[in-house]
Amino acid sequence: MLEELLESTEADVVQGAPQRDVPPAPPDGLDTALFQSDERAARADLRRQIAAMELVLARQFGSAFPRTGIDFAVSGLGGPRLLSVDELEQVRDRLAARIQDVSRSLDDAAYVEERNRELIEEMASDPASYKWVRVNNADIGEPGCKHWHATPKWGPIGLLLGWWRVKISSGCPLAEGQRPPNP
Amino acid sequence: MEGLPDEWEVAPEPGWIDPTLAEEFPGLLLASTVLESESRRSPEALRERLRSLSDRIGGAQAIQLRQQPIPWAYRVFFRHIGLDPDTTRTPVEQLIFDRMHDGSFKSRNRVEDALTIAMVEVGVALRAFDADRVDGRIGLRLSREGERFEGRVSPLAEGTIVVADENRALGIIFDRTAEGRGVDKRTERVMLVAIGVRGVPDIALEEALWVAGSALRA
């Protein structure tokens, strides 16, 4: 739906942009309407790019949950005001750089999480080889407090006899204690 | 919708947009409506509505918010005008942030509560001004060189986008309101103003004004 919005709301402006080469500045003494029109078209095109990038970043933000420590900040340029072509380019470039950074962070996190999922499977099949190892939900990119913990069965007896198992926790503790009795 | 008036139709008046802004930002809109209301403590019905709204908004909605069309459109507009929407939050994101931070939408007064309900339900940015302190029609323009802003010692930076009446700036867009132009205890008529940007349908502005107006009249 957002892509449709992008298409329907921005494409008309972009399609109207002239296809010729635009000089970096108007010739001396000629502050032409043509040049102003080209600048406006350039700004419209940059705004369309910024809109598309903002959508990508928003989706990355949504998909990153519950991972923490990923920086999504893209600093502004001081406003609210009209930005020049140069300034819009700066915003676009900062967004592009941030999207790349976030993408890299998410890829790294996905790799680590995949390895941790494999570790859980290995722990489950051979707990004795992973003594005291503990993997949390956060380690596999999932919300909640569940964790897998390789512990000896029956405490000290299992420890002495080498009886190991993977214990799965039952989740998060309650956020608050028991409700007080009604007066 | 218990407690809402049956016979009330919002009659939004379109605001003027400075030609420079209109050219640069097609889709930038402003609509306003005036109601007789006072900025007092919210009635129980309105506070109950706020509580019920708090229960409907949780972490999942907060995380997905910026992917929804209207909040996304405001985020994009913020980028276009040089603001970082993670620092200067869009109005609806600020409300949702406060909801997550405080645990609920806090009731402040009738007008602010009505704006909160409308902004969270529809997503459109709303402002309120004292209608008796607005001269003529309201609109959006760029500030002039050395333009004064009530309640601020230094003049506005030239080219700042402001909500203005025919004589002066009433507020900086998505930012503070000029001193004495907002709603306070002396206000008898409230001007509700909806600011729309490209990607926000016109009907959403009308709906936001209707929801806020209905809540004000509850």
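Things to note:
- Residue match in segment B:136-148 (condition: closer than 30 Å to B:Gly59 by Cα and crowded, with 19+ Cβ neighbours inside 10 Å): no
- Scanning segment B:67-87 turns up no residue that is more than 19 Å from B:Glu207 (Cα to Cα), acidic (Asp, Glu) and in a helix (DSSP H, G or I).
- Some residue of segment B:188-197 being of a type in the set (D, E, K, R) and either assigned to a helix (DSSP H, G or I) or touching a strand residue (DSSP E or B) at 6+ places or on another chain (Cβ under 8 Å) (or both): yes
- Residue ID - least open to solvent (accessible area, probe 1.4 Å), chosen from residues in segment A:44-61 that are basic (Lys, Arg) and within 8 Å of another protein chain (Cβ to nearest Cβ): A:Arg47
- Residue check for B:Val34: part of a helix (DSSP H, G or I) and over 23 Å from A:Ala96 (Cβ atoms): no
- Restricting A:Pro27, A:Pro66, A:Pro23 to residues that are surrounded by 12 or more Cβ atoms within 10 Å (Cβ to Cβ) and at pLDDT below 95 narrows the list to A:Pro66.
- Any hit, segment B:2-16, residues being on the phi > 0 side of the Ramachandran plot and either away from every other protein chain (no Cβ under 14 Å) or open to solvent by less than 30 Å² (accessible area, probe 1.4 Å) (or both): yes
- Of all residues in segment B:158-174, those satisfying the criterion of being open to solvent by 10 Å² or more (accessible area, probe 1.4 Å), within 14 Å of another protein chain (Cβ to nearest Cβ) and in contact with a Lys or Arg (Cβ under 7 Å, 6 or more places away or on another chain) are B:Glu158, B:Gly159, B:Thr160.
- The lone criterion from (1) open to solvent by less than 30 Å² (accessible area, probe 1.4 Å); (2) more than 30 Å from A:Pro66 (Cα to Cα); (3) at the interface with chain A (Cβ under 7 Å from one of its Cβ atoms); (4) touching a residue at least 12 places away in the same chain (Cβ under 8 Å) left unmet by B:Gly27 is number (1).
- Some residue of segment B:43-51 being within 14 Å of chain A (Cβ to nearest Cβ) and among the small types (Gly, Ala, Ser): no
- Given (1) surrounded by 16 or more Cβ atoms within 10 Å (Cβ to Cβ); (2) within 12 Å of chain A (Cβ to nearest Cβ); (3) of a type outside the set (Asp, Glu), number of the condition B:Arg110 does not satisfy: (2)
Here is a yes/no grid of residues against (1) open to solvent by less than 10 Å² (accessible area, probe 1.4 Å); (2) closer than 16 Å to B:Ala118 by Cβ; (3) not aliphatic (A, V, I, L, M):
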{"position": "B:Arg47", "(1), (2), (3)": "no, yes, yes"}
{"position": "B:Leu50", "(1), (2), (3)": "yes, yes, no"}
{"position": "B:Gln64", "(1), (2), (3)": "no, no, yes"}
{"position": "B:Ile81", "(1), (2), (3)": "yes, no, no"}
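- Lone qualifier among B:Pro91, B:Pro85 - being free of Cβ contacts under 8 Å to residues at least 24 places away in the same chain and of a type outside the set (Asp, Glu): B:Pro85
- Restricted to segment A:62-86, and to residues there that are more than 7 Å from every other protein chain (Cβ to nearest Cβ) and not in a loop (DSSP other than H, G, I, E, B), the residue that is nearest to B:Ile195 (Cα to Cα) is A:Val85.
- Qualifying residue in segment B:133-146 (condition: part of a helix (DSSP H, G or I), out of contact with any Phe, Trp or Tyr (no Cβ under 7 Å at 6 or more places or on another chain) and more than 14 Å from chain A (Cβ to nearest Cβ)): yes
- Residues (of a type outside the set (A, V, I, L, M, F, W, C) and under 21 Å from B:Gly27 (Cβ atoms)) located in segment B:176-218: B:Gly196, B:Arg198, B:Gly199, B:Pro201, B:Asp202, B:Glu206, B:Glu207
- Of the set (1) modelled with pLDDT of 65 or more; (2) open to solvent by 40 Å² or more (accessible area, probe 1.4 Å), all apply to A:Asp38 but (2).
The values are calculated or read from the model by the stated rules, or taken from the named source; none is laboratory data. Values in this document were obtained by computation on a predicted structure and should not be read as measured data. Don't worry about glycine lacking a Cβ; one is built from the backbone with ideal geometry, like all the others, and counts go over all protein chains shown. The protein model used for the area step is the full one, side chains on, heavy atoms only, and it has no ligands, DNA or RNA in it. Shrake-Rupley method; radii C 1.70, N 1.55, O 1.52, S 1.80 Å.
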